[in-house]
Amino acid sequence: MAALPDAEPGDVVLRLSGITKRFGPLLANDAISLDLHRGEVLALLGENGAGKTTLMNILFGHYVADEGSIEVFGETLPPGSPKAALARGIGMVHQHFTLADNLTVLDNVVLGTEPLWRARSRHAEARAKLAELSETFGLAVKPDARIADLSVGERQRVEILKALYRDARILILDEPTAVLTPQETEALFATLQKLVERGLAIIFISHKLHEVMAVSRRVVVLRQGKLVAERHTSGTDRHELAELMVGRPIPEPKVEPIPVGAIALELKGVTVAGEGRARLQDISLSLHGNEIVGIAGVSGNGQGALADVISGIAEPSSGAVSLFGQEIHHFDPARMVAHGVARIPEDRHAVGLVGDLSLEENLISARYREAPFSRRSLIDWKKVREFATRIIADYDVRCPGPHAATRLLSGGNMQKLILGREMARSPRIILANQPTRGLDIGAVGYVHQQLLKARLAGAGILLISEDLDELLALSDRVVVMYRGRMSAPMARRDVTIRHLGLMMAGQGLADAA
Amino acid sequence: MRLEPRTESARSIWVIAPLAAVVASFVVAALLVLLGGASPLSVFAAVIKGATGTQFAFLETLTRATPLIFTGLAAAVAFRAKLWNIGGEAQLYAGAIMTIVLGTGALPLPAPILIPLIMAAGMLAGALLLLGPTFLKTRFGVDEVVTTLLLNFVMVLFVSMLLDGALKDPMGLGWPQSKKVIEAAHLPKLVHGKRLHLGFVIAIGAALVVWFINARTTFGYEMRAVGFNPRAARFAGIPVNWAMAKTALLSGGLAALAGVSEVAGLKGNLTLDLSPGFGYTGIVVAMLAMLHPVGVIAAAIFVAAMFVGADAMSRTVGVPNYIANVMVATALLTMVTAMLFTRFRLKLR
Amino acid sequence: MQVIQILFEASLWAAAIRIASPLIFATLGELICERAGVLNLGIEGIMTVGAFAGWVVVYHGADLWTGILIAAIAGAAFGLLHGFLTVPLGLSQHVTGIGITLLATSLTYYAYRLAFPSVTSPPKIATFVPLEIPLLSQIPILGDALFKQTPLTYFAFLAVIVVAYVLYRTPIGLAVRTVGENPAAVEAQGIDVTWLRIGAVAVGSAFMALGGAFLTMSAFNSFYFDMVNGRGWICIALVVFGSWRPGKALLGAILFAAFDAYQLRLQQLAGAYLPYQVFLMLPYILSILALIAMSRRAGYPRALMIPYRKGER
């Protein structure tokens, strides 16, 4: 790696040398070396599966590298020990928060900071120190609140405070903005600025280019496990970073304007009761054929309940759902499928597929009771095999064969398998819930292309996504969900990311507070 | 040392695991025998001779395997769908009770009608007994392990109550035992003058039927899908609760057949010591068979051989016959550990 | 009405406390395991081991408290095995627990038969004797019920206080509670999930063994086959009934035992009308009812029965 012009704000606090990690045949990290300096934000950029999280998990001791070494403040870090990493001042904010929901903020912060065998926890001192830190960095939290009662933004604050409470000097944030609204993201960036001013060094992991440009001083780019480039942020731009990240120009999905068809799906005043607040509150929406309606919102604001209703696994407590003008009275997944609803669920592993069943068994999971797959309760495995072979070929699912266990597939191939299963019946309504989450760019493009093809063919598509870029690229109309309520639909050309962000935080949604 | 997920399936483990289980059980047993001051080799020789040494011994092993095939199938069917039915003991007694209720003269029917009728009634009783805990599981999320276990104790007390009251043999000199079943309700012996009876053939048939259900029917498919991932199964539109209920009916029915077969084929009447834990041992049989119905036959014969052999051994060598229970439990734990390696590989460091 | 009158007899409550003692130990043990995220169905077998181990060393001349210590160690050993199989290996906690119960029970019976090949009546030991606490034992009803028990019973009550304190007031208790909620949170704070869970299961299993030891060293004076008789399974129900909290679990155990003592007395009154087996069934049925009643509560540890594998992708 060519040396960068030397204008570093501080000493090297962290040095990774030749880190290599294999998972079976997969080379997740290939001889990665990098330095981190005091008082800087270093962005670690790469698409899903590039090896960013693996690298940071090695740094933090969750994994042990096959080769290479790590130096923190000039000392070698013993491998495989989160404890050692913590003791040397490394703090990590994981993509999936590592908080215990049923415990208080204070409990979560104090955990592991005292000798385990002390006869009594020193809660009073801890409370004082936490208050001081919140004050200093402007990270307001209620120490006695249960984590379960906090918003996502507040939970992230707790995670950062956890690290600061341990006097972290190096802070790693793994995709910290994935679940935040644009405004919460800005607040996070302000916090990071304060931390850096006080001499912390920060590694900011992301695949979002504009955030990397906004927050970092330097950028390193990972691609397929290799460190492919290192740039000063001021000396690069989004286009260059995008190409470095993907290794080729990124195809932009093209949405051709076409006239919408008849109303396919209509929700009128749909409410789903929950414990305490309703999961869905008086939702009305109509989805036409040849149309994609994007649903924006911070996760947990009712998108799950909406998806459950349309998937047929939750029943509205009031309101009406109609498919092609016919009101649905019995909510049942099989019935929804029979009505022509295709469902791409949010969680491929837990909901979309049964990992221990074979590909062919998964492909018939919604249709195993129908001819030609079964007759009089007897399954015709020959017909199933023929069908599976065809889908696997048509949708380019890379696998050892239709009999292989589905859990052995990569995320992208799992999603192709689901697409194949759902699209094979030429659906008229498609519910796509986070269809590209965690996929690499190639697979993302494939999913987008399939959705657009279905739109041209006449399907109405409900696209739930936390990726605002994706939503704005694909949708004809956009709605925002907040606390179980839904905004009025807006045409895509009338919407800006900033505006969406404010609505995602609850502003401008009628009586939504 | 750590476990890493395999990226390919490992077929060889399916052969190695049961072998490892057998070997481990013998190793542990050898240690215990040494502790007891006897020679492991002579003990094992006595066990094997006692289980297979003579025609009588071998037929005795098959006789003992018969109820274990039924309870093993019951566990295999339920565990496949992740319905943790530990209540095989109670369901066995439910089948036994129905055999006595219908088979001691209440229905003067010829054998070809009476025997199927008793089997059907027994299966129904066992099936309904498991339906309760299954309903509590699907409806209220109550752990079925604990409820089925507790019901075992309730059922044994219920049988005890019946043997003191409604089903008590008036000619039994006050012993808590029922009347004998009538001739038409007897399962005929397979070998004249020996104890092996038609129940063994029925058990083999039941295993083949379960095999067919698993491999070819939509019900078998549902059980697998629900067992591996109930959330995904429900999302796909598989009626999860109904599939659970059907699984419970089949599993409870199979366990009940163990009771029918023991009473109608072997004992002739119902006593409180009808089952020396066949219900619990069935769990081990199912795990040793890796839940495969045909494997259950082999595993049941192996386990039965251990018990029959140990009984004979303890009479001659004097090492306590509980050694067989230890071996069976060791085999179970080794088996589940070995099965782990179908999914993971051990990586040093 | 005699049926009501019984409720106010000190002897009923003294019996209730006596019956509750082994349940308190074992319920605490299961509670500790489950708080750390591990269901321990080995409980029935581990109680059997505890009952035998404590008793047999006392029979061979050790003093009673040494017997208690040995029982706890034996229980912890099986706890370690259960912990090893379910935590780092992540095996099914259901199947492993049943396996541990089968193994522990059969090993105990084997050892018993080895030690006493041909006894018709099982040998007896001198057990703990009731210890009257001065002054306190003079309180009407309460004194007779609570303060004329054996030291082992006092130990059980003390154990509840200690366990509650450790769980809620100390760093290690916080770590155990957290690992049952979200092991990743524990790992992220530099604490080893594997050893924490194994440790909790071992300690919990030691308590279970004490519950068993109470049977042979305080309640009875000898070891019998099947003497645990489902008490372990009942304790699993009591943990649920107590919402995974030591205080509530204690209350549950006493209520349950009071009911058991009450039905014993009822048997003498109503035995002529109902077979005695009906009364014996009641504890088990009560446990099932308790499970149903508490099923809607959300207090269970969120990571219960979910194995945690470091480096799982």
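The values are calculated or read from the model by the stated rules, or taken from the named source; none is laboratory data. Keep in mind that what you see is a predicted model, and the values were worked out from it rather than measured. Note that each Cβ is placed from the backbone with ideal geometry, even for glycine, and that neighbours are counted across all protein chains shown.
If you filter segment A:84-96 down to residues that are modelled with pLDDT under 90 and at the interface with another protein chain (Cβ under 9 Å from one of its Cβ atoms), you find that the one that is surrounded by the most Cβ atoms within 10 Å (Cβ to Cβ) is A:HIS94. Restricting attention to segment A:212-244, the residues that are surrounded by fewer than 20 Cβ atoms within 10 Å (Cβ to Cβ) and more than 24 Å from A:SER17 (Cβ to Cβ) total 11. Taken together, B:ILE86, B:ILE16, B:ILE69 contain a single residue that is β-branched (Val, Ile, Thr) and not in a helix (DSSP H, G or I), which is B:ILE86. Taking segment C:148-191 as the region of interest, the helices (runs of 4 or more DSSP H) fully inside it that hold 1 or more residues being touching a Gly at 6+ places or on another chain (Cβ under 6 Å) and free of Cβ contacts under 8 Å to residues at least 24 places away in the same chain are C:151-169. Of all residues in segment B:322-345, one or more are aromatic (Phe, Trp, Tyr), at the interface with chain C (Cβ under 9 Å from one of its Cβ atoms) and in contact with a Phe, Trp or Tyr (Cβ under 7 Å, 6 or more places away or on another chain). Note on segment B:100-117: among residues that are loosely packed, with under 14 Cβ neighbours inside 10 Å and part of a loop (DSSP other than H, G, I, E, B), the one that is farthest from the chain's Cα centre (by Cα) is B:PRO108. Is it the case that segment B:285-298 has a residue that's on the phi > 0 side of the Ramachandran plot and within 14 Å of chain A (Cβ to nearest Cβ)? Yes; the residues of segment B:285-298 include at least one that is on the phi > 0 side of the Ramachandran plot and within 14 Å of chain A (Cβ to nearest Cβ).
Here B:GLY318, B:GLY309, B:GLY282 are screened, and the one residue that is touching a residue at least 60 places away in the same chain (Cβ under 8 Å) and surrounded by fewer than 24 Cβ atoms within 10 Å (Cβ to Cβ) is B:GLY318. Checked against (1) within 14 Å of another protein chain (Cβ to nearest Cβ); (2) in contact with a Ser or Thr (Cβ under 7 Å, 6 or more places away or on another chain); (3) among the acidic types (Asp, Glu), B:ASP169 passes all but a single condition, namely (1). Residues C:VAL176, C:VAL186: which one is within 11 Å of another protein chain (Cβ to nearest Cβ) and under 23 Å from the mean Cα position of the chain (by Cα)? On inspection, the qualifying residue turns out to be C:VAL176.
The criterion of at least 3 residues that are free of Cβ contacts under 8 Å to residues at least 40 places away in the same chain and out of contact with any strand residue (DSSP E or B) (no Cβ under 7 Å at 6 or more places or on another chain) is met, among helices (runs of 4 or more DSSP H) falling completely within segment A:424-513, by A:441-456.
Contact map, segment A:228-257: residues that are hydroxyl-bearing (Ser, Thr, Tyr) paired with residues that are surrounded by fewer than 18 Cβ atoms within 10 Å (Cβ to Cβ) and part of a helix (DSSP H, G or I), Cβ distance under 7 Å, separation 6+ or inter-chain. Pairs shown: A:THR233/A:MET213. Condition test on A:ARG198, is it more than 30 Å from A:SER311 (Cα to Cα) and out of contact with any Pro (no Cβ under 6 Å at 6 or more places or on another chain)? The answer is yes for A:ARG198. Note on segment B:73-105: residues that are more than 14 Å from every other protein chain (Cβ to nearest Cβ) and closer than 14 Å to B:LEU150 by Cα total 1.
For the structure I just gave you, tell me whether C:GLY232 is within 13 Å of another protein chain (Cβ to nearest Cβ), modelled with pLDDT of 95 or more and either in contact with a strand residue (DSSP E or B) (Cβ under 9 Å, 6 or more places away or on another chain) or part of a helix (DSSP H, G or I) (or both). It is true that C:GLY232 is within 13 Å of another protein chain (Cβ to nearest Cβ), modelled with pLDDT of 95 or more and either in contact with a strand residue (DSSP E or B) (Cβ under 9 Å, 6 or more places away or on another chain) or part of a helix (DSSP H, G or I) (or both). Elements of the type helices (runs of 4 or more DSSP H) sitting completely within segment C:1-116 and holding at least 1 residues that are within 14 Å of chain B (Cβ to nearest Cβ): these cover C:10-35, C:43-59, C:64-86, C:93-115. The residues listed here are A:LEU55, A:LEU36; of these, the one that is touching a strand residue (DSSP E or B) at 6+ places or on another chain (Cβ under 6 Å), in a helix (DSSP H, G or I), at pLDDT 90 or above and more than 9 Å from chain C (Cβ to nearest Cβ) is A:LEU55. Summed over segment A:280-300, residues that are surrounded by fewer than 24 Cβ atoms within 10 Å (Cβ to Cβ) and in a loop (DSSP other than H, G, I, E, B) total 5. So, in segment B:24-70, of the ones that are touching a Ser or Thr at 6+ places or on another chain (Cβ under 7 Å) and among the hydroxyl-bearing types (Ser, Thr, Tyr), which residue ends up surrounded by the fewest Cβ atoms within 10 Å (Cβ to Cβ)? Out of the qualifying residues, it is B:THR52. The residue of segment C:244-283 that is surrounded by the most Cβ atoms within 10 Å (Cβ to Cβ), among those that are modelled with pLDDT of 90 or more and either assigned to a loop (DSSP other than H, G, I, E, B) or touching a strand residue (DSSP E or B) at 6+ places or on another chain (Cβ under 7 Å) (or both), is C:TRP244. Identify, please: which residue in segment B:143-173 is assigned to a loop (DSSP other than H, G, I, E, B) and closer than 14 Å to B:LEU272 by Cβ and is, among those, modelled with the lowest pLDDT? Selected residue: B:GLY172.
Quick check: anything in segment A:301-317 in a helix (DSSP H, G or I), within 11 Å of chain B (Cβ to nearest Cβ) and free of Cβ contacts under 8 Å to residues at least 60 places away in the same chain? There is at least one residue in segment A:301-317 that is in a helix (DSSP H, G or I), within 11 Å of chain B (Cβ to nearest Cβ) and free of Cβ contacts under 8 Å to residues at least 60 places away in the same chain. Looking only at residues of segment A:140-194 that are of a type in the set (Gly, Ala, Ser) and surrounded by fewer than 21 Cβ atoms within 10 Å (Cβ to Cβ), we find that the one that is farthest from C:THR178 (Cα to Cα) is A:ALA190.
Yes or no, residue by residue, for (1) more than 15 Å from the chain's Cα centre (by Cα); (2) among the aromatic types (Phe, Trp, Tyr); (3) modelled with pLDDT of 95 or more; (4) in a helix (DSSP H, G or I):
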position: B:ILE297; (1), (2), (3), (4): no, no, yes, yes
position: B:ILE301; (1), (2), (3), (4): no, no, yes, yes
position: B:PRO320; (1), (2), (3), (4): yes, no, no, no
position: B:VAL328; (1), (2), (3), (4): no, no, no, yes
position: B:VAL336; (1), (2), (3), (4): yes, no, no, yes
position: B:MET339; (1), (2), (3), (4): yes, no, no, yes
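Step by step: first the residues of segment B:205-229, then only those that are surrounded by fewer than 16 Cβ atoms within 10 Å (Cβ to Cβ) and more than 11 Å from chain A (Cβ to nearest Cβ), then the one that is farthest from A:LYS383 (Cα to Cα). Which residue is that? For segment B:205-229, the residue satisfying everything is B:GLY205.
Any residue at all in segment A:103-112 that's within 12 Å of chain C (Cβ to nearest Cβ), more than 28 Å from the chain's Cα centre (by Cα) and among the acidic types (Asp, Glu)? Within segment A:103-112, not a single residue is within 12 Å of chain C (Cβ to nearest Cβ), more than 28 Å from the chain's Cα centre (by Cα) and among the acidic types (Asp, Glu).
Inspect segment B:263-275 for any residue being of a type in the set (Gly, Ala, Ser), away from chain A (no Cβ under 14 Å), in contact with a Leu (Cβ under 9 Å, 6 or more places away or on another chain) and not in a helix (DSSP H, G or I) and give the result as yes or no. The answer is yes, given that some residue of segment B:263-275 is of a type in the set (Gly, Ala, Ser), away from chain A (no Cβ under 14 Å), in contact with a Leu (Cβ under 9 Å, 6 or more places away or on another chain) and not in a helix (DSSP H, G or I).
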